[in-house]
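Structure first, then comments.
The values are calculated or read from the model by the stated rules, or taken from the named source; none is laboratory data. Computed from a predicted model, the values in this text were never measured in an experiment. In this analysis, Cβ positions are derived from the backbone assuming ideal geometry, glycine residues included, and neighbour counts consider all displayed protein chains. When the accessible area is computed, the model is the full protein with side chains, heavy atoms only, and any ligands, DNA or RNA have been set aside. Shrake-Rupley method; radii C 1.70, N 1.55, O 1.52, S 1.80 Å.
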Amino acid sequence: MGTTIFAEMSALAAETGAVNLGQGFPDTDGPREIAQLAADAILAGRGNQYPPGPGIPELRHAIAWHHKRWYGLDYNSGSEVLVTAGATEAVAAALLALVEPGDEVIALEPYYDSYAACIAMAGGVRVPVTLRPPDFRPDLDALRAAVTPRTRLILLNTPHNPTGAVLTRAELTAVAELARSRDLLVVTDEVYEHLVYDGEHVPIASLPGMHERTVSIGSAGKTFSFTGWKIGWVTGSVDLVTAVRTAKQFLTFVNGGPFQYAVAEALRLPDAYFAGLRDDLRRKRDLMCAGLSAAGFEVYPPAATYFVTTDIRPFGETDGLAFCRELPHRAGVVAVPSVVFYDDKQAGRSQVRFAFCKRMAVLEEALARLTRLRTG
Ligand code: PMP
Ligand code: GLN
């Protein structure tokens with residue numbers, strides 16, 4: 001494993017002064033009143049010492065409440081909810097807990113970079129099923145054909161980074177049927193659950209028979225624009241959450257005590273907060289899709305997330321990695337080559353991902369700069 005693409009590209013942005021549309025983090029912090037709660041917690045001495053291993057009860061209650069409020073899901077906050085150091089630790093702990101050496105893990109590619117690393121750390125074998133443009137729909141026959149007697153679990157990510165695809169209820173129903181009939185577990189990364197512009201987010205855990213075989217993962221980072229706080233969570237049946245907690249104890253044990261108090265309140269923010277975040281990002285998505293298209297990229301508009309995938313072949317170029325390494329020098333913008341998220345390098349070679357969780361003026365400046373690509 002080398003340096004993550006996010007670290008490489010953010011360093012390149014810092015070095016060149018380019019507009020950073022690579023690593024996905026907002027350039028505006030989340031709600032001030034929530035930040036104030038974290039500051040208050042620190043000064044009041046709440047959470048400054050190790051919080052309980054599974055997370056503070058207030059946050060576990062809030063996570064259970066949130067899942068009921070949005071999806072009608074019932075989790076026991078005492079035994080079926082676990083707070084983690086971001087979704088990253090949740091993915092790591094879930095895979096370390098559930099995958100034995102030699103087990104196969106099916107994942108939809110392109111996939112978030114930590115998946116490959118964590119499958120490898122667990123000694124598992126990753127089996128990619130490729131999503132292809134323009135729609136990046138999962139090929140359900142390919143998914144079924146990928147299952148072998150060694151398959152342990154299916155690792156899902158919906159809404160999907162980097163493509164912005166949202167798995168439909170019908171697609172998830174097919175995945176759930178497959179999991180039930182072949183006795184597989186599902187680990188589902190749903191950190192972009194509230195950033196859906198077209199369609200709806202359906203947690204696979206809400207489908208019949210899936211509660212007991214699904215580990216669901218969420219994060220405050222994306223929903224509340226506090227990516228540095230690293231507060232994430234896992235929900236699932238008692239057995240699955242116990243297994244994940246066992247692994248988690250030896251990764252970080254606990255993290256972010258004062259932030260847990262603040263996120264407990266954030267999860268109960270009124271619906272208007274969630275709608276406001278989504279509407280703001282939808283406008284940014286529309287601006288970016290139109291602007292990138294005008295700049296000459298082939299654009300695959302995302303239904304969700306704050307990323308847009310493009311293709312550089314209209315510029316007569318095919319090597320996304322080389323393109324991204326040169327882009328700060330050519331146009332003063334940083335993006336991420338999607339090829340790093342693929343095992344099938346050919347499939348992702350010419351794709352480039354732009355993040356749009358930035359202020360409008362920053363996006364407009366980036367788009368103005370990108371028009372230079374065509375004019376030279
Ligand atoms: N999963 C996906 C799909 C992501 O895009 C990210 C990064 N933002 C993460 C997990 C990691 O989330 P966190 O920052 O909460 O660790
Ligand atoms: N999830 C973010 C992205 O996809 C980056 C997180 C990270 O830097 N590890 O851009």
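Pairs of lysines in the chain whose Cα atoms sit within less than 24 Å of one another amount to 9, provided the residues are eight or more positions apart or on different chains.
Taking amide hydrogens as placed 1.01 Å from N in the peptide plane, the amide H of L195 sits under 5 Å from those of T305, each at least 5 positions away in sequence or on another chain. Here the chain is treated with +1 on each Lys and Arg Cβ and -1 on each Asp and Glu Cβ, and its dipole about the Cα centre works out to around 300 debye. Normalised by the number of residues in the chain, the mean separation of alpha-carbon contacts (under 8 Å, six or more apart) gives a relative contact order of 25 percent.
Put a plus charge on the Cβ of each Lys and Arg, a minus charge on the Cβ of each Asp and Glu, and nothing anywhere else: the dipole of the range 1-114 about its Cα centre is then about 540 debye. Based on the reciprocal of the average 1/r between different C-alpha atoms, the Kirkwood radius for the chain equals 21.0 Å. Across the range 303-315, coupling constants 3J(HN,Hα) worked out from phi with the 6.51/-1.76/1.60 Karplus curve, θ = phi - 60°, read 7, 6, 6, 10, 10, 10, 8, 10, 10, 9, 4, x, 8 Hz, and Gly and Pro carry x. Overall form of the range 99-180: oblate. Here a/c, set by the Cα gyration tensor axes a ≥ b ≥ c, is 1.5 or more, and a/b is not larger than b/c.
Derived scalar couplings between HN and Hα for the range 147-157 equal 6, 10, x, 8, 5, 9, 8, 10, 9, 9, 9 Hz in order, rounded to whole Hz, by the Karplus curve 6.51 cos²θ - 1.76 cosθ + 1.60 (θ = phi - 60°), x for Gly and Pro. Multiplying the residue separation of R325 and D27 by 0.36 nm and removing their Cα-Cα distance gives an extension gain of 105.1 nm. Shape of the range 205-275 from the C-alpha gyration tensor: oblate (a/c of 1.5 or more and a/b not above b/c, with a ≥ b ≥ c the square roots of its eigenvalues). Here's how it looks for V129: its modeled amide H is under 5 Å from those of A107, L108, E109, which are all 5 or more places away or on a different chain. Rounded to the nearest 500, the helix-only mean residue ellipticity at 222 nm of the chain stands at -13000 deg cm²/dmol, with each DSSP H run of n ≥ 4 adding -39,500 (n - 2.57).
The amide H of T151, built 1.01 Å from its N in the peptide plane, has E104 as neighbours under 5 Å, considering only residues 5 or more places off or on other chains. Evaluating 6.51 cos²θ - 1.76 cosθ + 1.60 at θ = phi - 60° for every residue in the range 364-369, the Karplus couplings come out as 5, 5, 4, 5, 4, 5 Hz, glycine and proline recorded as x.
Per residue, the chain exposes an accessible area of 39 Å² to a 1.4 Å probe, with every protein chain left in place.
Taking a ≥ b ≥ c as the square roots of the eigenvalues of the alpha carbon gyration tensor, the range 256-363 is prolate, as a/c is not under 1.5 and a/b beats b/c. Here's the picture: charge each Lys and Arg Cβ at +1 and each Asp and Glu Cβ at -1 in the range 148-292, and of F224, Q260, F250 the one pushed furthest to the positive end of that dipole is F250. Within the accessible area of the range 1-157, the carbon and sulfur atoms contribute 54%, probe 1.4 Å, all protein chains present. Expressed as a whole percent, the accessible surface of the range 271-376 that belongs to carbon and sulfur atoms is 49, based on a 1.4 Å probe. The charge dipole of the range 244-291, taken about its Cα centre with unit charges on the Cβ atoms of Lys, Arg (+1), Asp and Glu (-1) only, comes to about 180 debye.
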